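Each remark here refers to the structure printed beneath this line.
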Protein chains: 2
Amino acid sequence: MTPESLMRRAIALSMEKMQSGSGGPFGAVIARNGEVVAEGWNQVTSSADPTAHAEVVAIRRACQALGRFDLRDCEIFTSCEPCPMCLGAIYWARLGRIWYANDRRDAAAIGFDDDLLYREIPLPLTERSLPTQRLLADEARAAFDAWMSKPDKVAY
Amino acid sequence: MTPESLMRRAIALSMEKMQSGSGGPFGAVIARNGEVVAEGWNQVTSSADPTAHAEVVAIRRACQALGRFDLRDCEIFTSCEPCPMCLGAIYWARLGRIWYANDRRDAAAIGFDDDLLYREIPLPLTERSLPTQRLLADEARAAFDAWMSKPDKVAY
């Protein structure tokens, strides 16, 4: 399939699943060599899961389909520019390329906070609107040291 | 439970679950009025899910436990400062406060890319290391328009 065909599928999902009550108007497709590996769509309200954005759902399904946590030979087609949560998920999944259609300003215009998140996340912790407090740093360190010295760890 | 007790539980999860092979050394607890609502720990490698960070897992479980996608009356205790993906998830879940122990520099020192992601995400799309391309913006717009005029939509 061409990039245009894959994006049209993501756009079709954004419309169909939203109309059937799954959640917001967002669809995503993950492809490898032009073939669909997995599809996702927003399920925040229908599954009571604020992390169930189209891209996160598609990533989870693609990893299940391929049996691995690394999608570096795949690309994602998403009907809207990923929010910071989804962008982080895309980096962690090592996806090779993002194709998007609507952008964060389009999303803000229909009531989604992507743009706010893009402004908040780079701020120093003390300047964010979300109160954030450090606690027991000295006690948490041991697990990090144990990870470093763990002989059979699976790095990711 | 006090904040210190809740953080000690998150830290204990970060050690125990890492040692039993679940994934990286990260634990999280979501609490309401000092009572635990849900616990999470990193399951990236054991579940082949790059989104299964401790905070995301805890958020999903807390939402399942409470039957809603909004955790605004809850706080999260995480053994490490959230990565941008998890921070995004925390904002979407409307959590009221973040408590953390290790920070992003501690995470970078043991091989986790949180700090890289914090540097990438604020960049303009054209300056990121991840290729990002716009496609078919004109065709994607219709689903956003349909969302705006959908009479029975559940906003989130």
Query raised in the report: Has the range B:32-39 got at least one residue that is touching a strand residue (DSSP E or B) at 6+ places or on another chain (Cβ under 6 Å), closer than 28 Å to A:V57 by Cα and buried (at least 24 other Cβ atoms within 10 Å of the Cβ)?
Result: no
**Report entry** Residue that is crowded, with 24+ Cβ neighbours inside 10 Å and among the polar types (S, T, N, Q), where the choices are B:T51, B:T45
**Finding:** B:T51
Query - Qualifying position, being more than 24 Å from B:C63 (Cα to Cα) and in contact with a Leu (Cβ under 9 Å, 6 or more places away or on another chain), among A:L95, A:L87, A:L66 - result: A:L95
Query - Residues of the range A:6-49 that turn out to be within 14 Å of the chain's Cα centre (by Cα) and not in a loop (DSSP other than H, G, I, E, B), as a count - result: 8
Report summary line: Scanning the range B:58-83 for residues that are open to solvent by 10 Å² or more (accessible area, probe 1.4 Å), in a helix (DSSP H, G or I) and of a type outside the set (K, R) gives B:Q64, B:A65, B:L66
Requested in this report: Among what's in the range A:60-79 and is within 7 Å of chain B (Cβ to nearest Cβ) and in contact with a helix residue (DSSP H, G or I) (Cβ under 8 Å, 6 or more places away or on another chain), pick the residue that is farthest from A:F26 (Cα to Cα).
Outcome: A:F69
Report summary line: When the range B:90-135 is checked residue by residue, the ones that are within 21 Å of the chain's Cα centre (by Cα), open to solvent by 60 Å² or more (accessible area, probe 1.4 Å), of a type outside the set (A, V, I, L, M, F, W, C) and more than 7 Å from every other protein chain (Cβ to nearest Cβ) are B:R94, B:R105, B:R119
Report task. Looking at (1) closer than 22 Å to A:N33 by Cβ; (2) in contact (Cβ under 8 Å) with a residue 12 or more places away in the chain, find the lone condition where A:G67 falls short. Result -> (2)
Query raised in the report: Looking at B:L87, is it in contact with a strand residue (DSSP E or B) (Cβ under 9 Å, 6 or more places away or on another chain) and farther than 13 Å from A:L87 by Cα?
Result: no
Query raised in the report: What's the number of the condition B:F112 fails, among (1) farther than 17 Å from B:W41 by Cβ; (2) assigned to a loop (DSSP other than H, G, I, E, B)?
Result: (1)
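The values are calculated or read from the model by the stated rules, or taken from the named source; none is laboratory data. These figures come from a predicted structure and were not determined experimentally. Positions of Cβ are generated from backbone atoms using ideal geometry, with glycine treated the same way; all protein chains shown enter the neighbour counts. Protein only, heavy atoms only, side chains kept; ligands, DNA and RNA dropped before computing areas. Shrake-Rupley method; radii C 1.70, N 1.55, O 1.52, S 1.80 Å.
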